[in-house]
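Novice: This is the structure, below, for whatever I ask next.
None of the figures in this text is laboratory data; all of them are computed from the coordinates on show. Predicted model only: the values in this text are computed from it and were never measured. We place every Cβ from the backbone using ideal geometry, glycine too, and count neighbours over all the protein chains shown.
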Amino acid sequence: MRKEIVKKINSSITSIDCLFCGEKNASELIPYDRYGVNCSISICTKCGLIYTKKNIANKYLSSFYANDYRYLYNDTPKLTDNFIKKSGDIGYAKHRFSCISKFVGSQLNNVVEIGSGTGQFLLKLAEANVSNYVGLEPGVAYSEYLIEKDELRGHVIRKFWSEINDEIKFDSELIVLFHVFEHLDKPRDFLKWAHMMLSKREGLLIIEVPGFDTDLNPWRFGINEFHMAHRAYYSSKILVGMLNECGFSVEKIEKHEKEICANNLRIYARSTITIKNSFDSKSLSDSGSEAEARSKLLKYFFRYGSTAKIINFIKNGFDLPTVGRKSD
Ligand SMILES: [Zn+2]
């Protein structure tokens, strides 16, 4: 099944402009990902964002997340209690809930989670009697499981954020995404939408991603560090620049949490500033030197860092066992 999906992805692959600034030019760092998808992980020559220059075409995107993504990532079509236990999600949700409630305090109400996955964070909200919360989960198998759960009845919507009309019946105070933002193909549009959703109450956006700062560890994970569903690789600097551009002010950054994964990056941003009319790449351009450094690091990795792993990968293609990060 995984092989068929990789074939399907490779046949629908198309060239993508920079996800954030729209620039066409990018220089390639790594030609393919851990599944053998030719996704050309590249660095934008204008704003320094590292993103997959080639990825699946828009017309296949919805059905990819609805039907194929979990096969590709977990090699499983179904969500079961046993799978959840093994996934570690229960512990991650507990840790996230503890960090976030410390920061937010008694304001933890009117919450929207984008990409609820196994639903463990929603269950923490239910347990804490949070008033008004909803989770968006477009994956068919996962949302089916969540919708059937008594505790979550009426709290799960099987939709992408971009498909939401008036299903959310409260003014959002908190929007959270845990290892979901890096999957978005239009991060700038999403940030604008989140700003609009939160603007009435000057709410908070909390984004957690695998951080692409200097602590990325390709020597340890090799090609397994990269996969096509991660549309972009965010460092804290780039993320702060993007959030500022879209009208958010960053209030806190949390990094390097052993409870989630070594390169976890969580960022708390308040929707307060008016959105700028046009993109100004200058605010991100100071990340240029950082981007250059990362580019060198990756080239180094590919040239010298892990020859054995690369040969193994070329030989075995997508049968290479996926080590994967703890949480995605
Ligand atoms: Zn760019």
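Novice: Where in the stretch 10-36 does the amide nitrogen come within less than 17 Å of the point 7 Å from the Cα of residue 59, taken along Cα to Cβ?
Specialist: Those under the cut-off are 10-16.
Novice: Here is a follow-up. Please arrange 137, 163, 23 by how many other C-beta atoms lie within 10 Å of their C-beta, fewest to most. Show your work: numbers first, answer last.
Specialist: Values: 137 26, 163 12, 23 16.
With the sparsest Cβ surroundings first, the list reads 163, 23, 137.
Novice: Filter the trypsin sites (Lys or Arg not before Pro) in the stretch 224-272 down to the DSSP loop ones having no more than 11 other Cβ atoms within 10 Å, then list what survives. Don't skip to the end; give the middle numbers.
Specialist: On the way: sites: 231, 237, 252, 255, 258, 266, 270; in loops: 231, 258.
Here the sparse-neighbourhood loop sites are 258.
Novice: Just the number, please: percent antiparallel of the DSSP beta bridges in the stretch 1-148, rounded to the nearest 5.
Specialist: Approximately 70 percent, going by the DSSP bridge assignments.
Novice: Length gain on complete extension for the stretch residue 17 to residue 256, per 0.36 nm per residue less the alpha carbon to alpha carbon distance?
Specialist: Values: separation 239, 0.36 × 239 = 86.04 nm, distance 3.05 nm.
Length gained between residue 17 and residue 256: 83.0 nm.
Novice: In the stretch 112-271, if every C-alpha pair distance is counted and binned at 10 Å from zero, what percent goes to each bin?
Specialist: Spelled out per bin, shortest first, that is 10, 38, 36, 14, 1.
Novice: Now a separate question. At what distance in nm do the modelled label points of residue 81 and residue 4 sit from each other, each positioned 7 Å from its Cα along Cα→Cβ?
Specialist: In this crude label model, residue 81 to residue 4 measures out at 3.1 nm.
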